[in-house]
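Since the structure comes first, as structure tokens, the remarks are kept for the end.
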Amino acid sequence: MSTAPIRSELRLLVPALVFIALVVAVVASLGTPLITSVATTFHVSLDSAQWTLTIALLSGAVATPVLGRLGAGPHRRATILVTLAIVVVGSALTVLPLPFAWLLVGRAAQGVGLGLTALMMGVARDHLPEERSAATIALISVVSVIGAGVGYPLAALLAEFGGLRAAYGLGLLVTALAFVTAWRSMPAAPEGRGAHVNVAGALVLAGGLLLVLFLAGERSLWSRHLAVAVTLAVVAVLLLCGWTVSELRTRTPLVDVRAVRHPAVAGANIAMFVGGSGMYLLLTLITRYAQTPHSAGYGFGLTTFVAGLVLVPFSVLGFVAGRLTPRVRIDGPLLLAGSAAVVGGGFVLFATARSDPAELLAAMGVLGFGVGGFSAAMPGVILAVTPKSETSSAMSFNYVVRSVGYSLGSALGGLILAAGTATGRTFPDDDAYTTAALVGVAAMAVTTTAGLALARRGTGQV
């Protein structure tokens, strides 16, 4: 039997996996530049419009571990196709002239697609040669991060010239293409796989994650209703602790918690949590600073579209770092530490030099290069000690950690800037940005230390 068709299928599989991972990341990020347009189009407050972004992140965080477990079983292809079908339907809801509530439903359905990133990694590890699968998995991890830098300016441009529905129409177009791509290219899972979803555990985890991300997104709750916020935080901790105990006792865990306790996996997830918080913090600071009007005494008053272009260096250099990282013969933990240090350099640059738009572009480029290297190195550290059959589940857990870290990073930035806003003023003092940047430097120092500690233990050897 000729191997030519098989090799051809493998050549097509890699771009298909990367394309699907990029699409779900781009679609999830569409909410960010469209918040103001949503508020004016649907006549809702900015806080309500913010939920078009928050609800996608929430549904993605909840769906990711469930899809990861389903993806570890014999029905992975069906799981991928059904999930993409849900995303396509959700995308259609965002385009149709329906009330605001249906827009939120559509955005929640789009967010479910975020859980596919880990499944794409599982497919790559099962069906590609080892060296090529490692490079492909690293690239999937990178595009899942830089997708925001691709979707932001495109959505802003379409919204500026074609309106809100045109911007969301981009999501419908690319998700439909992703579904067709998956239909034609996704292979079946290897034989002998089995996967059972612990429904009770999934519901408990969903409840805990919903509360954590809700509390991170609703910053006003902490200032106006502190007792309620603390109560919900305690409930979230109890739910997550209860879920952990349940996972340790069941024979069909949603996430193999025992594997997560491996020093390499635990250390990588801690680095992902702290580092993710810092990385998203800087992304938030730069984009917000760029759009602050001159009347505040700083900032550049950029339009949404032009501010989106500030993310171009982030995407370009992130992609470059993602391509280079697998070729560097350095242990994964050291790459994590080095990449975190690069992001820390981006914070230092932003803290000390932001009087010119070119300096913001430079800081965003440094951030992108660090994030690209970090994202490319992360899967190798985790998968070096993870069985093939658990690839989707292990990486799903890592992406849940990343989502929580990103949400907390965004919330942290908001809290620091709010604290630096004088009574009666709309915008924070310029010094508040410096304070937030110094907090980011500290976060990346912790992440760098975690990477170096992993390297000393030798747990990242591949």
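The values are calculated or read from the model by the stated rules, or taken from the named source; none is laboratory data. This is a predicted model, so every value here is computed, not measured. With ideal geometry, Cβ positions are generated from the backbone for all residues, glycine too; neighbour counts draw on all protein chains shown. Side chains included, ligands, DNA and RNA excluded: accessible areas come from the protein's heavy atoms. Shrake-Rupley method; radii C 1.70, N 1.55, O 1.52, S 1.80 Å.
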Next on the checklist: For a bin width of 5 Å, list the pair-distance distribution of the stretch 279-354 built from all Cα-Cα distances, rounded to whole %.
Outcome noted: 3, 13, 19, 23, 16, 11, 7, 4, 2, 1
Checklist entry - Across the Cα atoms of the stretch 177-278, what radius of gyration and what greatest pairwise Cα-Cα distance (Dmax) are found, in Å? => result 18.1, 55
Next on the checklist: Take residue 12 and residue 252, extend 7 Å from each Cα along the Cα→Cβ direction, and tell me the distance between the two endpoints in nm.
Outcome noted: 3.4
Item to check | Cα-based shape type of the stretch 304-462, given that a ≥ b ≥ c are square roots of the gyration tensor eigenvalues and the cut on a/c is 1.5 | outcome: prolate
Checklist outcome for this item: The percentage of the accessible area of the stretch 49-137 (probe 1.4 Å, all protein chains present) made up of carbon and sulfur atoms, to the nearest whole number, is 75
Next on the checklist: Please compute the alpha carbon radius of gyration of the stretch 224-289, then divide it by the globular-protein estimate 2.2 N^0.38 Å. Two decimals is fine.
Outcome noted: 1.53
Next on the checklist: What is the percent carbon and sulfur in the accessible area of the stretch 160-279, measuring with a 1.4 Å probe over the protein chains and ignoring ligands?
Outcome noted: 68
Checklist entry - With each label point set 7 Å from Cα along the Cα-Cβ vector, what nm distance links residue 352 and residue 419? => result 2.4
Checklist entry - If you place +1 on the Cβ of every Lys and Arg, -1 on the Cβ of every Asp and Glu, and leave all else neutral, what size is the dipole of the chain about its Cα centre, to the nearest 20 Debye? => result 960
Next on the checklist: On a 1.4 Å probe surface of the protein chains, which of 160, 247, 390, 191 comes out largest in accessible area, and what is the full order?
Outcome noted: 191, 160, 390, 247
Checklist entry - Where does each of 369, 347 land when they are ordered by accessible area, with a 1.4 Å probe and the largest first? => result 369, 347
Checklist entry - What is the gain in length, in nm to one decimal, between residue 89 and residue 165 on full extension, counting 0.36 nm per residue of separation less the C-alpha to C-alpha distance? => result 25.9 nm
Checklist outcome for this item: Under the 7 Å Cα-to-Cβ spin-label approximation, residue 320 and residue 188 lie apart by a distance in nanometres of 4.5
Checklist entry - Can you give the extra length, in nm with one decimal, that the chain gains between residue 132 and residue 225 once fully stretched, where that is 0.36 nm per residue apart less the Cα-Cα distance? => result 28.3 nm
Next on the checklist: Here are labelled values, (1) -0.32, -1.22, -1.44; (2) -0.33, -1.14, -1.30; (3) -0.73, -1.25, -1.30, and one is the computed log10 I(q)/I(0) by the Debye sum over Cα atoms at q = 0.07, 0.13, 0.14 Å⁻¹ for what I pasted. Which one?
Outcome noted: (1)
Item to check | the stretch 18-92 versus the stretch 392-411: alpha-carbon centroid distance in Å | outcome: 15
Checklist outcome for this item: Taking the square root of 5λ for each eigenvalue of the C-alpha gyration tensor of the stretch 80-187, the equivalent ellipsoid has semi-axes, largest first and in whole angstrom, of 29, 16, 11
Item to check | Under the Debye formula (equal points on every Cα, no solvent term), log10 I(q)/I(0) of the stretch 129-239 at q = 0.10, 0.14, 0.16 Å⁻¹ | outcome: -0.63, -1.06, -1.12
Item to check | Paramagnetic label zone (point 7 Å from Cα along Cα-to-C-beta, residue 445; backbone N under 14 Å) in the stretch 346-385 | outcome: 347-348
Item to check | Heavy-atom accessible area per residue - the chain, 1.4 Å, Å² | outcome: 41
Checklist outcome for this item: Cα-Cα pairs in the stretch 399-446 separated by more than 12 Å, as a whole percent of all pairs, come to 65
Item to check | Phi-based couplings in Hz for the stretch 234-247 (Karplus 6.51, -1.76, 1.60; Gly and Pro marked x) | outcome: 5, 4, 4, 4, 5, 4, 5, 5, x, 4, 4, 4, 4, 5
Checklist entry - Per 5 Å bin from zero, what fraction in whole % of the C-alpha pairs of the stretch 1-150 is there, up to the bin with the longest pair? => result 2, 10, 18, 20, 18, 12, 9, 6, 4, 2, 1, 0, 0
Checklist entry - Put +1 on the Cβ of each Lys and Arg and -1 on the Cβ of each Asp and Glu in the chain; which of 66, 369, 100 then has its Cα farthest toward the positive end of the dipole? => result 66
